[in-house]
Amino acid sequence: MTESVWQQQFSEIVDKRDEKLPPAWLATGVAPRPRVERGRAVHLSGPGRLVANDVINLLEEATEKAVVSSFLLADRDIEEALFSAAQRGVRVYVLVASEARLGREEPQGEFDKKVLEQHRAMLQRLGGHVLFRTAPYFHSKVVIIDPGAHVRGLLLTANLTAEALERNEEIAINLTADQANEVTDYLKWAIWEYAEHEFIDPKDRFKSVHPLGRVPHPAPTASIVATTSVTQTIRDEALRLIASANNQIVVSSFGWDKDHEIVQRLCERARDGLDVVALARIRPSSMPALVALAEVGAKVLGFEWLHAKAIWVDTQQALVMSANLQADGLNTGFELGVRLTGSGAGEIFERLIQWREGAMWRLAAAPSLREAMGKVRLWDGNRLKEVEVVTRTTVNLGSVIAASAHDLQATRPPRPAHNGTPPLAHEICYLWTVVAPGLAEKSIEIQKPTEGKQPPISYAPQVFREPSGRLVVAVRSPAELAHARDVMPEVNAEAIVVVNGATP
């Protein structure tokens, strides 16, 4: 408490560390780590563009045919490699999503205006050299060259954009010859039986196409899984993997749907006590599912740009796929994935753990303030709000008038309302000032009566009756306080007040 002549300052420290927050992304404190892009058969995207260069090298080595599938395509070097392949006489087929579907995507990162414009410019440049087939549900990401005896291929989680290949957390798998030929069968079926439009001549734009009715849908295989209008083996394999886990599951995805059976099954396994680790991009549409996982004990880690879709379980099995953990991808659409076992699954685990250990955010379902410090992202059920938690903050409650100048005491002013969210500090120091009351305007002096015909004289200090009827003793300097206290009982005054302009 700090004192001055006509006022006193008071403080109260309130410990808020046990206050509960809504679901929140909390900083882990982990420093950013360099990404190891090159693996044995499993590679990561990154600023070194090793995966992008693998795609380019495949296209440069194609001699007869190149088949590319990507939801979106906007990378200058890959575009140039496609053009060069076509100029060499290589038959080039490209599957991409329809422009109408691209326009519905969240306008961030690789779906911003600049990237979409680059994608459209690529169509114009390559039209007439490359056969484009499109459908709103084309979402797989693969590159295949020279199907048959000399086939080679790469299956990715990344769209073929510079942002995805350089910035995002993404996975690419070198396919075996058998796997690449199996993928080719799916691509061939999609091109001729599943596409809705084609783009050949830039002057004609997109034309509707109809199924040929001559290309059979591929039969299930031991290695390649898919989502098509005929099969949902990606979903089936994901469910099988989750059921087979003994102690640990690590899953990575860009999109999450709380109501999908895959997410519900992950919640069940976490509730049963398994160590479930979920790696996710921080985005509002995924929050209901991620909060549900965190509530049952899963460890949910957040990333700014993660886009990889993969599942690893401790029975040394894994799945890498283009499908998000949503109905649009697991139940419908056109997606491709590859099963991995043994060393391949082990390498997926290494990559996922590398991301896990470098995650800069973790999701807490109902954290207390003591768990949070620094930047925090709160989820209010509709949006993510970025805030900052500090060790201590000060809130000035303003001033309150004491009942009398000789006793500067008053009830603390009310604390401000915070709309259901506590102030984001471990401790809050509330300050308020108690000030001496002043003499009310239009107060009338009450003088001391005298005997005989002597005129009344003023009390020392003076006494006044305020418009409210209250009788007060008025002082002009601190030196008068002692005398004012003596006068109070003499006149039955209720308080001592300070005359405006009184000396401190």
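The values are calculated or read from the model by the stated rules, or taken from the named source; none is laboratory data. The structure presented is a predicted model; accordingly, all values stated were derived computationally and were not measured. Note that each Cβ is placed from the backbone with ideal geometry, even for glycine, and that neighbours are counted across all protein chains shown. Only protein heavy atoms, including side chains, enter the accessible area calculation; ligands, DNA and RNA are left aside. Shrake-Rupley method; radii C 1.70, N 1.55, O 1.52, S 1.80 Å.
For Val400, the residues whose modelled amide H falls within less than 5 Å of its own, excluding neighbours fewer than 5 places apart on the same chain, are Thr433, Val434, Val435. Both numbers refer to the Cα atoms of region 113-228; Rg and Dmax are 15.3, 43 Å. The charge dipole of region 380-504, taken about the Cα centre with unit charges on the Cβ atoms of Lys, Arg (+1) and Asp, Glu (-1), comes to about 160 debye, rounded to the nearest 20.
Let me know the shape class of region 197-294, please: from the alpha-carbon gyration tensor, a ≥ b ≥ c as square roots of the eigenvalues, rounded when a/c is under 1.5, otherwise prolate if a/b is greater than b/c, or oblate. Walk me through the numbers on the way to the answer.
Working: a/c = 3.55, a/b = 1.80, b/c = 1.97.
Because a/c hits 1.5 or more and a/b fails to exceed b/c, region 197-294 counts as oblate.
Ignoring ligands, DNA and RNA, what accessible area per residue does region 417-492 give at 1.4 Å, in Å²?
On the way: 4390 Å² over 76 residues.
Each residue of region 417-492 exposes 58 Å² on average to a 1.4 Å probe.
Does region 346-405 classify as rounded, prolate or oblate by the C-alpha gyration tensor (a ≥ b ≥ c root eigenvalues; a/c under 1.5 gives rounded; else a/b over b/c gives prolate, otherwise oblate)? Note, shape of region 346-405 comes out prolate. Accessible area per residue for region 171-220 is 54 Å², calculated with a 1.4 Å probe on protein heavy atoms, without ligands, DNA or RNA.
Counting only C-alpha contacts under 8 Å and six or more residues apart, can you give the relative contact order of the chain as a whole percent? Walk me through the numbers on the way to the answer.
Working: 1138 pairs, mean separation 87.3, N = 504.
Relative contact order comes out at 17 percent.
For the peptides 32-44, 204-216, residues were scored by their other Cβ atoms within 10 Å and the scores averaged per peptide; the highest-first order is 32-44, 204-216.
Put Leu293, Leu384 in order of accessible area, highest first, and with a 1.4 Å probe you get Leu384, Leu293. Each label point was placed 7 Å from the Cα along the Cα-to-Cβ direction; for Thr393 and His217 their separation is 5.6 nm. The local environment of Leu154, defined by Cβ-Cβ distances under 10 Å, has a net charge of +1 under the rule Lys, Arg +1 and Asp, Glu -1.
In the calculated pair distance distribution of region 395-452, what percentage of Cα-Cα distances lie above 15 Å? So the portion of pairs separated by more than 15 Å is 67 percent.
Is there a quick way to get the dipole size of region 124-211? I mean about its Cα centre, with the Cβ of Lys and Arg at +1 and of Asp and Glu at -1; what is the value in debye to the nearest 20? Could the numbers behind the result be given before it?
Values: 9 positive and 13 negative charges, 65 e Å.
It comes to approximately 320 debye.
Over region 253-367, accessible surface divided per residue gives 31 Å², non-protein components excluded, 1.4 Å probe.
Under the convention that each Lys and Arg Cβ holds +1 and each Asp and Glu Cβ holds -1, the size of the dipole of the chain around its Cα centre is about 320 debye.
Val475 sits with roughly 0 Å² accessible to a 1.4 Å probe, with DNA, RNA and ligands left out of the calculation.
Rg and Dmax of the chain, based on Cα coordinates, read 36.5, 134 Å.
Counting only protein heavy atoms and a 1.4 Å probe, tell me what percentage of the chain's accessible area is made up of carbon and sulfur. Don't jump to the answer; show the numbers that get you there.
On the way: 10980 of 22440 Å².
Using a 1.4 Å probe with all protein chains present, the chain comes out at 49 percent carbon and sulfur.
When Rg and Dmax are taken over the Cα atoms of region 448-492, they come to 11.6, 34 Å. Using C-alpha pairs below 8 Å separated by at least 6 residues, the relative contact order for region 244-352 is 30 percent.
DSSP loop GluC sites (Glu not before Pro) in region 413-485 with at most 10 other Cβ atoms within 10 Å of their Cβ, which ones?
Those satisfying the criteria are Glu441, Glu451.
Can you tell me what share of the DSSP beta bridges in the chain is antiparallel? A percent to the nearest 5 is fine. If we restrict to bridges inside the chain, about 65 percent are antiparallel. Solvent-accessible surface of protein heavy atoms, probed at 1.4 angstrom with all chains present, puts His197, His483, His426 in the order His483, His197, His426, largest first.
Helical content of the chain, expressed as a calculated mean residue ellipticity at 222 nm, amounts to -7500 deg cm²/dmol (DSSP H runs of 4 or more residues, -39,500 (n - 2.57) each, divided by residue number, nearest 500).
Cβ under 15 Å from Trp189's Cβ, Trp189 left aside: what net charge do those residues give with Lys, Arg +1 and Asp, Glu -1?
Working: positive: Arg133, Lys188, Arg214; negative: Glu182, Asp185, Glu193, Glu196, Glu335.
Summing Lys/Arg as +1 and Asp/Glu as -1 gives -2.
The 3J(HN,Hα) values that the Karplus relation (6.51, -1.76, 1.60; θ = phi - 60°) gives for region 291-308 are, in residue order, 5, 4, 5, 4, 5, 9, x, 5, 8, 9, 10, x, 9, 6, 9, 4, 9, 5 Hz. Gly and Pro appear as x. With equal scatterers on the alpha carbons only and no solvent term, can you work out the Debye log10 of I(q)/I(0) for region 218-366 at 0.09, 0.12, 0.14, 0.17 1/Å? At q = 0.09, 0.12, 0.14, 0.17 Å⁻¹ the computed log10 ratios are -0.24, -0.43, -0.59, -0.90. Using a/c under 1.5 as the rounded threshold, could you call region 301-378 rounded, prolate or oblate? The axes a ≥ b ≥ c are square roots of the C-alpha gyration tensor eigenvalues, and prolate needs a/b larger than b/c, oblate otherwise. Oblate is the answer for region 301-378, as a/c is 1.5 or above yet b/c matches or exceeds a/b. Picking from Ser208, Leu187, Ile171, whose Cα lies most toward the positive end of the charge dipole for region 171-223 (charges on Cβ: Lys, Arg +1; Asp, Glu -1)? My answer, from the dipole projection, is Ser208.
In this structure, the residue pairs whose Cα-Cα separation is over 32 Å, taken from Lys65/Lys309; Lys65/Lys114; Lys188/Lys299; Lys20/Lys114; Lys114/Lys375; Lys141/Lys375, are Lys188/Lys299; Lys20/Lys114; Lys141/Lys375.
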